[in-house]
Amino acid sequence: MHEQLRRGRMIFMPLVNPGGLWLGTRANPNGVDLMRNAPVNASERVPYLIGGQRISRSLPWYRGRPDAPMEAEAAALCAFVESELLSRDFSLAVDCHSGFGTQDRLWFPFAHTSRPIDHLPEMDALRGIFDQTHAYHRYVIEPQSSQYLTHGDLWDHLYLRASRHAHKVFLPLTLEMGSWLWIKKNPRQVLSRLGIFNPLIDHRQHRVLRRHIALLDFLARAAGGYQRWLPADAERESHRQIAMKRWYPGLPRA
């Protein structure tokens with residue numbers, strides 16, 4: 001651990017939406033969904049409501065008014081990431097979410113378009129060493145666009161800002177824990193004031209926390225030794241071709 005901290009810096013933000021947690025809602029106290037609040041509009045069709053809406057704050061996934069600045073919580077997160085991560089030659093973020101499906105998924109941008117990110121080769125290289133070192137892991141690694149598109153994704157916004165710096169690499173990941181499985185095992189969670197995706201039974205909560213320790217340790221080590229695995233030149237193009245075949249089979253690879 002001392003060696004890891006010598007080669008890198010770890011920053012933890014345990015909670016971004018304290019008001020929403022207190023109220024037991026996904027939105028903040030203003031009724032705005034922080035993960036739909038960034039100034040990024042999807043370039044393709046998004047699913048109704050879930051992709052972000054401006055109909056009413058009484059409905060879920062409300063983006064906020066189009067002329068309003070980002071919510072205080074979202075703006076604070078973006079300012080912190082820009083100052084602490086985007087200034088580095090290499091940085092990696094992991095945003096832990098509950099919800100979506102019965103499998104644990106690692107999503108990377110984009111959420112607003114189905115086109116690939118510029119750092120697709122780097123993402124495939126990271127996936128490759130994870131598959132090699134954790135051969136029996138159960139994570140599905142994919143772009144969020146493989147599942148659905150959204151407006152206002154904070155990590156798309158931050159990745160686009162980071163892309164202005166040609167020689168820096170920023171890889172934002174979202175860990176979507178397969179929380180629907182928890183509901184299947186314990187249907188009474190649907191009635192919980194703490195939210196349907198929070199495990200109520202202690203041993204299940206501890207199991208959820210334990211199951212991701214290996215992943216987080218791997219990502220910390222990968223960030224500390226990024227010079228050893230980041231692809232370059234011809235190797236980078238090879239990773240891009242592999243990634244296009246794996247994640248974007250319907251798009252041209254050239």
message: Can you tell me how many residues within region 16-42 are among the hydroxyl-bearing types (Ser, Thr, Tyr) and in contact with a Lys or Arg (Cβ under 8 Å, 6 or more places away or on another chain)?
response: 0
- prompt: Taking region 97-139, which residues are more than 17 Å from residue 174 (Cα to Cα) and polar (S, T, N, Q)?
  reply: 132, 133
- request: Inspect all residues belonging to region 202-214 and state whether any of them is at pLDDT below 80, under 20 Å from residue 103 (Cβ atoms) and aliphatic (A, V, I, L, M).
  value: yes
Residues being touching a residue at least 60 places away in the same chain (Cβ under 8 Å) and under 22 Å from residue 147 (Cβ atoms) - total across region 208-239: 4
task: Among the residues of region 12-56, write down those that are charged (D, E, K, R) and surrounded by fewer than 17 Cβ atoms within 10 Å (Cβ to Cβ).
output: 44, 45, 54
Wholly enclosed strands (runs of 3 or more DSSP E) of region 71-185 bearing at least 1 residues exposed (fewer than 15 other Cβ atoms within 10 Å of the Cβ) and touching a residue at least 12 places away in the same chain (Cβ under 8 Å): 90-98
message: Return the residues of region 57-70 that are surrounded by fewer than 16 Cβ atoms within 10 Å (Cβ to Cβ) and in contact with a helix residue (DSSP H, G or I) (Cβ under 9 Å, 6 or more places away or on another chain); say none if nothing qualifies.
response: 69
message: Among the residues of region 167-184, are any within 18 Å of residue 33 (Cβ to Cβ), more than 14 Å from the chain's Cα centre (by Cα) and not hydrophobic (A, V, I, L, M, F, W, C)?
response: yes
statement: The number of residues in region 61-102 that are touching a strand residue (DSSP E or B) at 6+ places or on another chain (Cβ under 6 Å) and of a type in the set (Val, Ile, Thr) is 1
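The values are calculated or read from the model by the stated rules, or taken from the named source; none is laboratory data. These figures come from a predicted structure and were not determined experimentally. No Cβ is skipped: glycine too gets one built from the backbone with ideal geometry, and neighbour counts run over all protein chains shown.
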